[in-house]
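Data first, discussion second: the structure below is written as structure tokens.
Read-outs throughout are calculated quantities, based only on the coordinates presented, and are distinct from any laboratory measurement. Note that the structure is predicted; figures quoted are calculated from it, not measured. Methodologically, a virtual Cβ is constructed for each residue, glycine included, from the backbone with ideal geometry; neighbour enumeration extends over all protein chains shown.
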Amino acid sequence: MSKLILTNHFSLASAVEVNNICREPLSDSGISYFNYIKIYNDGSRELLTNNPDWIDFFYQNGLYKTAAVVNIEHLLPKGYFLWSELENGDPAYTYGRDFYNIDNGISFVEKTKEATILYIFASTRSNYAINNFYLRNIDLFRRFILYFNDKADKLIKKARNNKIILPEKQIIKNLNLDHNIIGDDEKNAFIKSTIIKKFTIVNNGERIQLSRREAESAAYMVNGYTSKEIAKILGLSFRTIEKFNLKVKAKLAYKTKQELENVLTDTGLIEAIMADNTIIRR
């Protein structure tokens, strides 16, 4: 395998500063590894990490060419993925796990026209229970990503000026990346087969039912639409929409629109409504 020597490279030299950013918010949760990497379409990348020894080993030994790494860097869609869902027999996983005690991770993927951006969090080989922590606290990880981009802004700019250039192109093969990833046609078919007439949610310890129209009206409202606009979209009268809004307020006992949005988001109702309706966020 081709070797890529990163001795004294900014991606490694900046590790102490990256660790200082990560230590306080992440250490108590059991997360010991963090990696930010932006992979451009030409294969070059800007990289920041709190574990320079592993990154140095990774590139020196050409692990960027393994099938699992190439798939993650180029083929994963936007979202987040537990490492347990992906191919863990790849050398990049086994070396990291067996020699650097990096395991039980989650990768967040963002896509732009020019690049794929990965935010990678991981723990130790023995901390399998952290996978439940990931799933229960996705909102905190999304917040950390915003926090990291703020605190590491200068580091990211320096990393952009000190990209890692691979000595050869990665070979991208569309392998069976993950059987849990389904296409748009399959998603649309699932949505069409699960039309919901009444939405039953739990709020403040009580099971509450909203009619479809009540749920739709509430979803549009938290997305910035006025009652008049909602009435026009749903083909109902302004007065009917106002009645729906009053009923939703009485059932959910919210005081502010932010509280309503929190309820709709936490219960998954707003995502269900937006999947069925073309709601443009404002």
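Which of Asn51, Asn149, Asn203 ends up with the largest GNM mean-square fluctuation for the chain, with Cα atoms connected below 10 Å?
Residue with maximal mean-square fluctuation among Asn51, Asn149, Asn203: Asn203.
Taking the chain as a Gaussian network, where each spring joins two C-alpha atoms under 10 Å apart, which residue of Ala215, Ala159, Ala13 fluctuates the most?
The residue that fluctuates most here is Ala215.
Given axes a ≥ b ≥ c from the Cα gyration tensor, I'd like to know whether the chain is rounded (a/c under 1.5), prolate (a/b larger than b/c) or oblate.
Prolate, since a/c reaches 1.5 and a/b exceeds b/c.
By its C-alpha gyration tensor, with a ≥ b ≥ c as the square roots of the eigenvalues, how is segment 190-276 shaped: rounded for a/c under 1.5, else prolate for a/b larger than b/c, else oblate?
Oblate.
Mind putting a number on the dipole of segment 190-276 about its Cα centre? Charges go on the C-beta only, +1 for Lys and Arg and -1 for Asp and Glu, and I need it in Debye to the nearest 20.
Roughly 420 debye for segment 190-276.
Which pairs, out of Lys78/Lys151; Lys78/Lys255; Lys78/Lys192; Lys78/Lys228; Lys111/Lys187; Lys111/Lys257, put more than 25 Å between their alpha-carbon atoms?
Correct reply: Lys78/Lys255; Lys78/Lys228; Lys111/Lys257.
Once every DSSP H run of n ≥ 4 in the chain is given -39500 (n - 2.57) and the sum is divided by its residues, what mean residue ellipticity at 222 nm do you get, rounded to the nearest 500 deg cm²/dmol?
-13500 deg cm²/dmol
Which whole-Hz couplings ³J(HN,Hα) result when phi for each residue of segment 35-49 is put into the Karplus expression 6.51 cos²θ - 1.76 cosθ + 1.60, θ = phi - 60°, listed in order with x for Gly and Pro?
9, 10, 8, 10, 9, 7, 4, 8, x, 5, 8, 9, 9, 9, 8
Where the centroid of each part is defined by its Cα atoms, how far is segment 54-77 from segment 246-268 in Å?
If we compute the Cα centre of each part, the gap is 44 Å.
Treat every Asp and Glu Cβ in the chain as -1 and every Lys and Arg Cβ as +1, leave all other atoms uncharged, and give the resulting dipole magnitude about the Cα centre to the nearest 20 debye.
1220 debye
Residue-wise, which Karplus ³J(HN,Hα) couplings in Hz belong to segment 59-64, taking 6.51 cos²θ - 1.76 cosθ + 1.60, θ = phi - 60°, and x for glycine or proline?
Per residue, the Karplus-derived 3J(HN,Hα) values read 7, 4, 9, x, 5, 5 Hz.
What net charge do the residues around Leu6 carry, taking every other residue with its C-beta under 12 Å from that of Leu6, with Lys and Arg at +1 and Asp and Glu at -1?
With Lys, Arg at +1 and Asp, Glu at -1, the neighbours total +1.
Output the peptides 32-45, 236-249 sorted from most to least packed, where packing is the average of other Cβ atoms within 10 Å over each peptide's residues.
Per-residue Cβ counts within 10 Å, averaged per peptide and sorted highest first, yield 32-45, 236-249.
Straight-line reach from Lys243: which aspartates and glutamates have a Cα under 14 Å away, not including same-chain ones fewer than 8 places off?
Glu214, Glu216
For the chain, what is the relative contact order in percent, using Cα pairs closer than 8 Å and at least 6 residues apart in sequence?
18 percent
At a Förster distance of 41 Å, what's the computed FRET efficiency of Lys251 paired with Lys157, Cβ-Cβ distance as r, to 0.05?
Using R0 = 41 Å, I get an efficiency of 0.25.
If each of Arg213 and Ile191 carries a label point 7 Å out from its Cα toward its Cβ, how far apart are those two points in nm?
Label at Arg213, label at Ile191, 2.3 nm between them.
Mind checking which of Leu82, Val70, Phe108 is farthest towards the positive end of segment 40-171's charge dipole, using Cβ charges of +1 (Lys, Arg) and -1 (Asp, Glu) about the Cα centre?
Phe108
How large is ³J(HN,Hα), in whole Hz, for each residue of segment 197-207 in order, when computed from phi with the Karplus curve 6.51 cos²θ - 1.76 cosθ + 1.60 and θ = phi - 60°, using x for Gly and Pro?
So the Karplus estimates, Gly and Pro as x, are 9, 10, 9, 9, 10, 10, 9, 6, x, 10, 7 Hz.
From the Cα gyration tensor of segment 63-140, with a ≥ b ≥ c the square roots of its eigenvalues, which class applies: rounded if a/c is under 1.5, or else prolate if a/b is larger than b/c, or else oblate?
Because a/c hits 1.5 or more and a/b fails to exceed b/c, segment 63-140 counts as oblate.
Most mobile of Arg97, Arg212, Arg23 per a Gaussian network model of the chain (Cα springs, under 10 Å)?
Arg212
Can you pick out the pairs among Lys38/Lys65; Lys198/Lys251; Lys65/Lys158 whose Cα atoms lie more than 18 Å from each other?
Flagged as over cut-off: Lys65/Lys158.
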